[in-house]
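> Could you have a look at this structure, given as structure tokens, before my questions?
The values are calculated or read from the model by the stated rules, or taken from the named source; none is laboratory data. Only a predicted model underlies this, so the values are computations on that prediction, with no experimental measurement involved. Neighbour counts are summed over all protein chains in view; Cβ atoms, including those assigned to glycine, are modelled from backbone coordinates with ideal geometry.
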């Protein structure tokens with residue numbers, strides 16, 4: 001799967017692409033929401049980002065309000081993530097993850113089956129996709145913790161050689 005040319009607007013309004021954000025790195029793409037009960041996963045996401053950054057890895061957060069649990073604007077989201085969880089990984093502007101207006105990245109990622117073989121709609125906040133530099137994608141459910149053994153194994157397998 002070639003995701004590199006997909007346009008992304010950062011949480012600060014800068015235009016870029018998925019390829020520019022990842023720059024040959026493995027990535028963990030996560031749809032996030034500040035007011036979700038799963039928001040404590042931010043802590044593990046940041047820890048993974050720091051642990052593997054020097055090995056060619058990044059977490060990328062995609063705030064979404066499709067489950068009505070995200071703050072009203074990007075400045076508030078950025079402040080919350082930084083002040084509450086110490087987030088330093090890149091984040092996009094608020095996006096839609098499901099439906100006709102879904103962000104192009106999510107239209108592609110949701111074609112990947114999860115562990116049960118299901119493709120399609122994002123089921124909830126904090127669904128995770130490990131994207132290898134060669135385009136391989138592994139999908140994990142929202143309740144699978146970012147530092148669960150299966151996620152860590154997928155990250156380590158995706159790291160550039």
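> Could you identify the single residue in 125, 98 that is over 20 Å from residue 25 (Cα atoms), without any contact (Cβ under 8 Å) to a residue 60 or more places away in the chain and either touching a helix residue (DSSP H, G or I) at 6+ places or on another chain (Cβ under 8 Å) or buried (at least 19 other Cβ atoms within 10 Å of the Cβ) (or both)?
Values: 125 fails: without any contact (Cβ under 8 Å) to a residue 60 or more places away in the chain.
None of the other options fit; the residue is 98.
> So in segment 13-24, with the set limited to residues that are at pLDDT 95 or above and part of a loop (DSSP other than H, G, I, E, B), which one is nearest to residue 77 (Cα to Cα)?
Selected residue: 13.
> Going by what's in this entry, would residue 22 be described as surrounded by 14 or more Cβ atoms within 10 Å (Cβ to Cβ) and more than 19 Å from residue 130 (Cα to Cα)? Give the steps one after another, and end with the answer.
Details: surrounded by 14 or more Cβ atoms within 10 Å (Cβ to Cβ): yes; more than 19 Å from residue 130 (Cα to Cα): no.
In short, no.
> So, in segment 147-157, how many residues would count as being assigned to a loop (DSSP other than H, G, I, E, B), touching a residue at least 12 places away in the same chain (Cβ under 8 Å) and either touching a strand residue (DSSP E or B) at 6+ places or on another chain (Cβ under 6 Å) or over 16 Å from residue 55 (Cβ atoms) (or both)? Spell out the reasoning first.
First, the residues of segment 147-157 that are assigned to a loop (DSSP other than H, G, I, E, B): 147-148.
In the following step, the residues that additionally are touching a residue at least 12 places away in the same chain (Cβ under 8 Å) were identified as 147.
Imposing the further condition that a residue be either touching a strand residue (DSSP E or B) at 6+ places or on another chain (Cβ under 6 Å) or over 16 Å from residue 55 (Cβ atoms) (or both) reduces the set to none.
Here the count works out to 0.
> Any residue that is out of contact with any strand residue (DSSP E or B) (no Cβ under 7 Å at 6 or more places or on another chain) and modelled with pLDDT of 95 or more - is there at least one of those in segment 56-65?
yes
> Looking for something under 21 Å from residue 4 (Cα atoms) and either surrounded by 18 or more Cβ atoms within 10 Å (Cβ to Cβ) or in contact (Cβ under 8 Å) with a residue 60 or more places away in the chain (or both) - is there at least one such residue anywhere in segment 67-76?
Residues of segment 67-76 that are under 21 Å from residue 4 (Cα atoms), as a first pass: none.
Checked segment 67-76: no residue is under 21 Å from residue 4 (Cα atoms) and either surrounded by 18 or more Cβ atoms within 10 Å (Cβ to Cβ) or in contact (Cβ under 8 Å) with a residue 60 or more places away in the chain (or both).
> What residue, of 160, 142, 113, is under 16 Å from residue 35 (Cβ atoms) and in a loop (DSSP other than H, G, I, E, B)?
Values: 160 fails: under 16 Å from residue 35 (Cβ atoms); 113 fails: under 16 Å from residue 35 (Cβ atoms).
Step by step, each of 160, 142, 113 is checked, and only 142 is under 16 Å from residue 35 (Cβ atoms) and in a loop (DSSP other than H, G, I, E, B).
> Is at least one residue of segment 39-47 on the phi < 0 side of the Ramachandran plot, at pLDDT 95 or above and assigned to a loop (DSSP other than H, G, I, E, B)? Lay out the reasoning, then the answer.
Taking segment 39-47 as the starting set, the residues that turn out to be on the phi < 0 side of the Ramachandran plot are 39-47.
Subset that is at pLDDT 95 or above: 39-47.
Next, only the ones that are assigned to a loop (DSSP other than H, G, I, E, B) stay: 39-40.
Yes: segment 39-47 contains one or more residues that are on the phi < 0 side of the Ramachandran plot, at pLDDT 95 or above and assigned to a loop (DSSP other than H, G, I, E, B).
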